[in-house]
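The values are calculated or read from the model by the stated rules, or taken from the named source; none is laboratory data. These numbers come from a predicted model, not from an experiment. Quick reminder, even Gly has a Cβ in these numbers, built from the backbone with ideal geometry, and neighbours come from all protein chains shown.
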Amino acid sequence: MKQSSRKSTFDIEVDTYTYRPLDRAHDSIRLLRLKPADSSNSPIQPQPIHCSLFHTSLSQAPPYVALSYCWGERGSAQRIYLDNELISVTPNLKHALQRLRPSSGEDLILWVDAICINQSDIPERGIQISNMRNIYKSAESVAVWLGPENRKSSEAIQFARDLAACDEGAASALVRDPARKEYLEALVTLFRRQYWWRIWVIQEVSCGRSCMVYCGADAIAWERLNSVCDIFKKEEEHIRDIFYTKPSFCLTLTRGGPRSLQLSRYSPDLAAPPLLELLLSHKSKKSTDPKDKVYALIGICSSRDTFGAMDYSSSMRDVYTHTARHIISTSGKLDVICVKQRDVKPFNLPSWAPDWTRPFTNSGALVVGLHHREPEFAAAGDSLAQFEFINDGYVLKAAGFVMSTIAVVGMPFKQKVHPRFIEPALHAFYDWWNIFASALPESSSLPAQAAFARAISCGNWMFEDEGVYENKLRAIFELSVSISADEDALPVDTPPGPSLSGSVSSLINENENENEGEEFDDARSDKEQRAVIINASMTMNRRSLFISKTDVVGLCPWNAAVGDVICVLLGCRFPVILRPVKGKYHLVGEAYVDGFMNGEAMALLEQGKYKLEDFEIH
């Protein structure tokens with residue numbers, strides 16, 4: 001019996017079209033026959049698109065092309081013929097079919113998710129999407145559709161072809177040629193198309209045997225476009241100079257487009273990456289259904305065989321909690337609980353289960369940078385997690401110990417960081433230093449400058465020479481003095497040392513300078529000073545300085561409070577802040593605790609200073 005398909009939240013409204021059920025016992029899929037246009041077809045008035053569906057097992061499928069595209073805005077529904085019935089698709093899908101359909105000869109066999117999957121049949125959708133890795137892997141090729149052409153896209157692809165055809169020296173000369181700047185700008189526009197933000201394309205392209213990129217009437221092989229990105233990476237310094245007033249252009253050319261998919265990490269010659277690493281690497285990618293923020297990456301992760309069924313009928317709470325449980329169970333680590341974005345849980349998630357729909361902020365930056373730090377943090381040493389999931393899997397019971405309790409919390413710094421607007425960060429720095437200098441007893445043996453510098457940088461500033469800490473702090477401290485409303489409030493124990501040349505503080509104080517733009521540009525010319533300020537601002541953002549009852553200093557989430565406990569959980573590379581609530585605990589987030597990021601607390605546990613206990617985290 002045929003199943004009627006209704007309008008779904010996805011790409012296609014099939015009106016009265018009915019799907020014949022797939023044979024789920026025989027790895028069955030649907031393929032699309034796209035009929036060629038006849039000789040009267042023209043770009044101005046293209047003929048209606050005619051296509052039909054047929055069933056086949058994946059193992060016996062004829063050669064086919066798998067379409068990788070961005071669904072795009074629905075806009076006005078576009079009509080095509082499917083088995084002689086009119087159905088509605090989005091404009092972008094219709095444009096893709098018009099571009100790919102043969103001008104004559106045989107039908108083109110395609111796999112298109114929006115049409116080949118009955119989107120209103122939730123069980124079928126889950127089964128087919130679970131099989132997408134194999135569908136794209138079995139395709140003869142993958143057609144990447146970036147969208148309709150415009151003047152800039154044609155220029156961009158032609159310039160990419162020119163660069164790909166050159167040897168290294170000639171390509172370098174082309175990139176540096178001032179007359180070619182507009183072509184670089186055209187490629188920036190191409191690399192910023194919505195396609196590159198779609199999370200599904202990572203799996204679709206990485207699993208394909210070969211890929212051809214289409215943009216309107218233009219086309220270029222994926223390998224050639226990717227080689228252009230390699231050229232841009234080698235020429236990054238020169239591209240940065242070309243776009244010195246538009247630094248985001250350099251980022252787009254060197255890290256956007258094909259590079260944003262990070263496909264070199266998913267080579268068949270390499271071990272598949274863990275799911276947490278994939279989720280963190282592609283945290284900014286978009287999906288229509290928030291469940292796909294996870295499901296789109298399962299097919300290329302190392303634990304794909306044990307994740308379980310992709311169930312679109314499950315609630316967001318169930319999907320994201322299951323994801324966190326799966327990562328903990330397969331890794332034996334609790335690092336995933338530290339991926340804390342904001343203390344808002346729209347899906348009623350447990351505090352330890354990340355919400356992958358939320359934009360990432362600096363809260364959680366320690367774990368976000370987990371795979372890019374040398375050496376990696378290891379607060380719990382090489383221990384494995386001791387855990388169980390209780391209360392239907394929504395409560396994490398984990399073993400660990402309390403190091404201390406928060407006694408003092410500084411002013412929270414929650415504003416976005418921008419090189420031209422660093423004043424809020426300086427206010428926070430000034431407040432934090434006052435708290436730090438006044439809170440520690442005179443008898444404290446803590447090397448104040450070094451500890452404070454390490455804390456505000458989350459350990460990124462690690463130097464044997466104490467003078468380096470002094471210089472870095474001085475760069476920020478003098479600026480904070482310049483924007484302080486009351487310089488008399490400065491602590492007596494300020495960082496000593498010579499003043500920075502150029503009186504940087506007067507340049508940053510925008511409210512007191514008439515030519516603020518020009519003077520700030522002068523300040524920016526000192527790359528070392530600017531780097532110090534921005535580096536500190538990035539780690540300080542959405543954080544607060546804390547001092548514990550045992551005089552330990554560090555950075556915690558901005559919403560941590562006096563009385564929260566600082567804990568090390570077995571199998572977690574980062575200390576965490578837990579809030580006691582009626583005998584249970586709420587996870588506030590991860591923390592940088594100076595002097596306890598590399599297993600030092602575990603040694604004290606063995607000596608009997610700390611006591612191992614279980615924490616029930618809701």
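In table form, for the structure just shown:
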{"quantity": "Every residue from the stretch 553-586 that is part of a loop (DSSP other than H, G, I, E, B) and in contact with a Leu (Cβ under 6 Å, 6 or more places away or on another chain)", "calculated": "Gly571, Cys572, Phe574"}
{"quantity": "Residue within the stretch 592-599 that is outside any loop (DSSP other than H, G, I, E, B) and within 19 Å of Arg542 (Cβ to Cβ) present", "calculated": "yes"}
{"quantity": "The stretch 124-152 residues that are under 19 Å from Ala96 (Cα atoms), paired with ones that are modelled with pLDDT of 95 or more and of a type in the set (Val, Ile, Thr) (beta carbon under 6 Å, 6 or more apart)", "calculated": "Ser141/Val65; Ala143/Val65; Val144/Val213; Lys152/Thr189"}
{"quantity": "Ala179 over 19 Å from the mean Cα position of the chain (by Cα), at pLDDT 95 or above and small (Gly, Ala, Ser)", "calculated": "no"}
{"quantity": "Every pair of residues 6+ apart whose Cβ atoms lie under 6 Å, when the first sits in the stretch 176-196 and is assigned by TED's automatic domain parsing to the domain that holds Lys233 while the second is of a type in the set (Asp, Glu) and modelled with pLDDT of 95 or more", "calculated": "Tyr183/Glu155; Ala186/Glu155"}
{"quantity": "Verdict on Val593 being under 27 Å from Leu276 (Cβ atoms), over 22 Å from the mean Cα position of the chain (by Cα) and among the β-branched types (Val, Ile, Thr)", "calculated": "yes"}
{"quantity": "Residue count for the stretch 204-257, restricted to those that are at positive phi and in a helix (DSSP H, G or I)", "calculated": "1"}
{"quantity": "Which numbered condition Ala171 fails, given (1) touching a helix residue (DSSP H, G or I) at 6+ places or on another chain (Cβ under 9 Å); (2) touching a residue at least 60 places away in the same chain (Cβ under 8 Å); (3) surrounded by fewer than 16 Cβ atoms within 10 Å (Cβ to Cβ)", "calculated": "(3)"}
{"quantity": "Breaking point among (1) in contact with a helix residue (DSSP H, G or I) (Cβ under 9 Å, 6 or more places away or on another chain); (2) farther than 19 Å from Val142 by Cα, for Tyr64", "calculated": "(2)"}
{"quantity": "Filter pass, Tyr592 being at pLDDT below 95 and aromatic (Phe, Trp, Tyr)", "calculated": "yes"}
{"quantity": "Top-ranked residue of the stretch 522-545 - restricted to ones that are in a loop (DSSP other than H, G, I, E, B) and farther than 21 Å from Pro575 by Cα, ranked as modelled with the highest pLDDT", "calculated": "Asp526"}
{"quantity": "Subset of the stretch 155-202 (residues that are closer than 13 Å to Ile231 by Cβ and small (Gly, Ala, Ser))", "calculated": "Ala160, Ala164, Ala165, Gly169, Ala170, Ala171, Ser172, Ala173"}
{"quantity": "Residue within the stretch 79-86 that is buried (at least 19 other Cβ atoms within 10 Å of the Cβ), more than 21 Å from Gly208 (Cβ to Cβ) and not small (Gly, Ala, Ser) present", "calculated": "yes"}
{"quantity": "Leading residue by the ranking (farthest from Gly126 (Cα to Cα)) among those in the stretch 282-307 that are of a type in the set (Ser, Thr, Tyr) and assigned to a loop (DSSP other than H, G, I, E, B)", "calculated": "Ser284"}
{"quantity": "Residue within the stretch 546-560 that is farther than 24 Å from Ala450 by Cβ, outside the structural domain of Tyr430 (by TED's automatic domain parsing) and modelled with pLDDT of 95 or more present", "calculated": "no"}
{"quantity": "Among the residues listed as Ala296, Ala324, the single one being more than 30 Å from Gly400 (Cβ to Cβ) and of a type in the set (A, V, I, L, M, F, W, C)", "calculated": "Ala296"}
{"quantity": "Breaking point among (1) surrounded by fewer than 17 Cβ atoms within 10 Å (Cβ to Cβ); (2) over 17 Å from Arg151 (Cβ atoms), for Ala217", "calculated": "(2)"}
{"quantity": "Subset of the stretch 11-48 (residues that are under 17 Å from Gly105 (Cα atoms), modelled with pLDDT under 95 and surrounded by 18 or more Cβ atoms within 10 Å (Cβ to Cβ))", "calculated": "Ala37"}
{"quantity": "Enumeration of residues in the stretch 241-290 that are crowded, with 18+ Cβ neighbours inside 10 Å, assigned by TED's automatic domain parsing to the domain that holds Val188 and farther than 16 Å from Asn226 by Cβ", "calculated": "Ile242, Phe243, Phe249, Cys250"}
{"quantity": "Given (1) within 11 Å of Cys215 (Cβ to Cβ); (2) in a helix (DSSP H, G or I), index of the condition Pro148 fails", "calculated": "(2)"}
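Yes/no per residue for (1) crowded, with 19+ Cβ neighbours inside 10 Å; (2) at pLDDT below 95; (3) under 29 Å from Ser206 (Cα atoms):
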residue	(1), (2), (3)
Asp292	yes, no, yes
Thr306	no, no, yes
Phe347	no, yes, no
Asp355	yes, yes, yes
Ser363	yes, yes, no
Val367	yes, yes, yes
His371	no, yes, yes
Asp382	no, no, no
